[in-house]
1. Shape call for chain A from the C-alpha gyration tensor, a ≥ b ≥ c root eigenvalues: rounded (a/c under 1.5), prolate (a/b greater than b/c) or oblate?
2. Once the Cβ-Cβ distance between residue B:201 and residue B:452 is put in as r, and R0 is 51 Å, what FRET efficiency do you end up with, to the nearest 0.05?
3. Within the P(r) computed for the stretch B:261-341, what percentage of the Cα pairs occupies the region above 18 Å?
4. Assuming R0 = 35 Å, can you tell me the calculated FRET efficiency for the pair residue A:407 and residue A:68, based on Cβ-Cβ distance, to the nearest 0.05?
5. Can you list residues whose amide H is under 5 Å from residue A:344's amide H, if they're 5+ apart or on another chain and H is modeled 1.01 Å from N?
6. Taking square-rooted eigenvalues a ≥ b ≥ c of the alpha carbon gyration tensor, is the stretch A:204-320 rounded, prolate or oblate, where a/c under 1.5 means rounded and, failing that, a/b exceeding b/c means prolate?
7. Let me confirm one metric for peptide A:357-363, namely the mean number of other chain beta-carbon atoms within 10 Å of its residues' beta-carbons.
8. For chain B, what is the relative contact order in percent, using Cα pairs closer than 8 Å and at least 6 residues apart in sequence?
There are 2 protein chains.
Amino acid sequence: MIDFRPILFIVGVLLATLAAAMVLPAVADAAVGNRDWQVFAISAALTLFVGGILVLSTRGLARGGIGLRQAFVLTTLCWLVIPTFAALPFMFADLKLDYTDAFFEAKSGVTTTGATVIVGLDHAAPGILLWRALLQWLGGIGIIAMALVVLPMLQVGGMQLFRMESSDRSEKALPRAAQFAAWTGFLYLGFTLLCAALYRLAGMGGFDAVAHAMTTIATGGFSTRDSSVGFYKEPLIDLVAIIFMLIGSLPFVLYVRAVRGAPGMLWRDEQVRWFLGIVLMVVSAMTMYLVFLRGVAGPDALRMAAFNVVSVITGTGYATTDYGAWGGFAVTSMFCVMFIGGCAGSTTCGIKVFRLQVLYASANIQVRRLLQPNGVFIPYYNGKPIPDAVTESVMAFFFLFLLCFMAIAVGLSLAGLDFITAVSGAATAISNVGPGLGPIIGPAGNFASLPDPAKWLLAAGMLLGRLELFTVLVLLMPSFWRA
Amino acid sequence: MIDFRPILFIVGVLLATLAAAMVLPAVADAAVGNRDWQVFAISAALTLFVGGILVLSTRGLARGGIGLRQAFVLTTLCWLVIPTFAALPFMFADLKLDYTDAFFEAKSGVTTTGATVIVGLDHAAPGILLWRALLQWLGGIGIIAMALVVLPMLQVGGMQLFRMESSDRSEKALPRAAQFAAWTGFLYLGFTLLCAALYRLAGMGGFDAVAHAMTTIATGGFSTRDSSVGFYKEPLIDLVAIIFMLIGSLPFVLYVRAVRGAPGMLWRDEQVRWFLGIVLMVVSAMTMYLVFLRGVAGPDALRMAAFNVVSVITGTGYATTDYGAWGGFAVTSMFCVMFIGGCAGSTTCGIKVFRLQVLYASANIQVRRLLQPNGVFIPYYNGKPIPDAVTESVMAFFFLFLLCFMAIAVGLSLAGLDFITAVSGAATAISNVGPGLGPIIGPAGNFASLPDPAKWLLAAGMLLGRLELFTVLVLLMPSFWRA
């Protein structure tokens, strides 16, 4: 039997934190005299009440830390319970959202997906806009923390490749891990403030700059405008967004190491190089396509391609234009690119670059082995041999990722969605990108019109993708709950 | 340096055989007084001439068998040179096909894909119709022979799992292997004749029955009618087709073992069980969808679902109706199902069921390992532990299969195809299915209107899929040609 008490204690603490976070949008609304501040106050009270009960009823009952099974339950439960309560303001506010829509929006926020069901953002109250940004910002730092501490311990999908001193539980390691976490949070905050300042300088309004900075660094993609970043029509704003979306896609561990005296690791890291190489390749291809086959002027093509490709590849999900109207090549490329994601230990989701590297190294060896069946070949990652267990784990992840993608796509089509909406919806959910493709959920569209079962399925896909599949799938095994 | 002489010798022998095969459609045309017999006579002469030169100029120069590198070159070269010459009748005949179209049709025939660029089959000369059927029939037995002898030796994509006495090169094994090959050919012919007889009894004309029998057992899918098997509107014909498409999708090795006294192996084989289980599951789901969500009457729904699902899953590519018009669920499911394919050692293509089993077994173990990081888990296939080398090879295959699929899809979209045509075209080519999805290349469409670059790319995809990727990819490595 799994002891749920320490799990519920932590969930309670997180709910209390969430309630505290709700005070910010309440203040924002109160400041402009919008009565929605009451919505946040009520939601905060409700969330604090439940969180408080959980904390008080389990406090002191749990001793001796969290076991492996408990860690799996805790991780999944957190990402289920938090959006459940984070959805309350969306439902209570004057947005005419039912609970399905409210939950979808909250889930899309916390997982940094960025798919939205809200139409009319330009005229929405500041509280709601801030709440959406805040959810993504908290979700972003939450996932970095998870990738740093929890996932390598759980050995999920090859993440043990990134096990570091912080998951070592010896006496000495703990203070170092705490220091590391503090640095990570500090840098996350620093990047956000820098990004907001640059947005402001580039011409955004103060509130918009803060809200966008939060969702840029989190590679989330919620905007304060229905037409997303395309609203501003300002190249400098595009540039700031591109830079900080890329910053959000690199491993935060390397930033910490950089400020602590090893900046070279950032450039020498193979995952970073591959990621930037892929981005450069896709942006170049798309730019050339726009120039030579669609007759777009060079600078415009580069700007549009760079912004929207980076937005999709990093899973942010902003758009400056409807790239769905760029023709077959753009749509098909964007679809493929959705799966890539950024680096491990960043705020991005998707298959992630290090897994593609492990898969490539392994496939390369298989082809070479064909010619020398008795040859000994060892795959390398960042100059070190990749342990067999990592390769196997990554491959299983890749297989399950595509299996889940297909299952969600088929499920969505059963809910009544057409082919392109179903497959791009499944891809955008499991990779936490944001918009899909096609006329309904594409960059110019919105998820509001989808049937309720499709929304729940998409929300489930976001959870699966965000928790690297295994963390959720393991809970579905009957043997998990036995013994 | 690779000695090309023994390779060219075998290619020459195969071309001479191809020339001999061209006599059959020549006779068919001559019998009905169609002047197209001259087309086949000229093509045969040309093919025989080139084949003869190759044989005569290399005869006696090659001794001591074929090495590993030579086997890779030979395999790919055969599947390139044969369609090159098999295309001649398509170009010379009165079909108004240029060489691109003719090559596409020949390639689609030999690889048992079944995608066609010919419109007006109902009024075509018997010679051309017979030639199309013959190409698929020869391609079908060719691929079984390859799966039996060549691929396990090359250890391609986990096919070493099926290495048997026939690829053992000892003195004793050779007569046994020859006997095995003879039995396989005999059974292939027997199934074809039986299928033709049943088609005839079910109401097909004599010629159509023979032509369809050849393309059914080869899971090829070329029909003598523009509206494919849907032309006949006869449930019994549908039933015969379903049965023999399934027969063509099971491992022929097991048929040989069955007639030699071990029929039980056919039912006990895990690959066969999984394959039939998947077919049953998809057919049931599609039937229920048609009945409950599309209002189709039960028996009609079952018949339509069974025929078209089996046709797509086995990669045959017949159609009795435009399932593209069945709505999102049908289109999305058919898209997913395209990748599956049948069993190893059959005439089908695609990822194949045994690979899905290996991937599933491995993923299952990865999930279980999460809970017991130090536990020892061994994946099994057909009651035997799966060697690590096989698992790694299968996983590399899966990764490269999807990478190639995406590359072809992006390439097709660059040639001007829209999203659904590009992705379904790439899937149908690499899995050797036949029709794609969407209004252009869907079951009610035709590949004729595609731009030439798209046709060449699709033909390349068919080759890649048919030769299990590795056989072709290894030739692209610079190191293959060194030393």
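The values are calculated or read from the model by the stated rules, or taken from the named source; none is laboratory data. These numbers were taken from a predicted model, which means no experiment stands behind them. When we count neighbours, we look across all protein chains shown, and the Cβ atoms used for this are built from the backbone with ideal geometry, even at glycine. All accessible areas refer to the heavy atoms of the entire protein, side chains included, with ligands and DNA or RNA removed. Shrake-Rupley method; radii C 1.70, N 1.55, O 1.52, S 1.80 Å.
1. Rounded, because the longest to shortest axis ratio a/c is under 1.5.
2. Working from the Cβ atoms, E equals 0.75.
3. Values: 1340 of 3240 pairs.
Percent of Cα pairs beyond 18 Å in the stretch B:261-341: 41.
4. On the way: r = 27 Å, r/R0 = 0.76.
Result of the calculation: an efficiency of 0.85.
5. Result for residue A:344 returns A:353, A:354.
6. Oblate, since a/c reaches 1.5 and b/c is not below a/b.
7. If you average over the peptide's residues, the count of other-chain Cβ atoms is 4.
8. Averaging sequence separation for qualifying contacts and normalising by length gives 17 percent for chain B.
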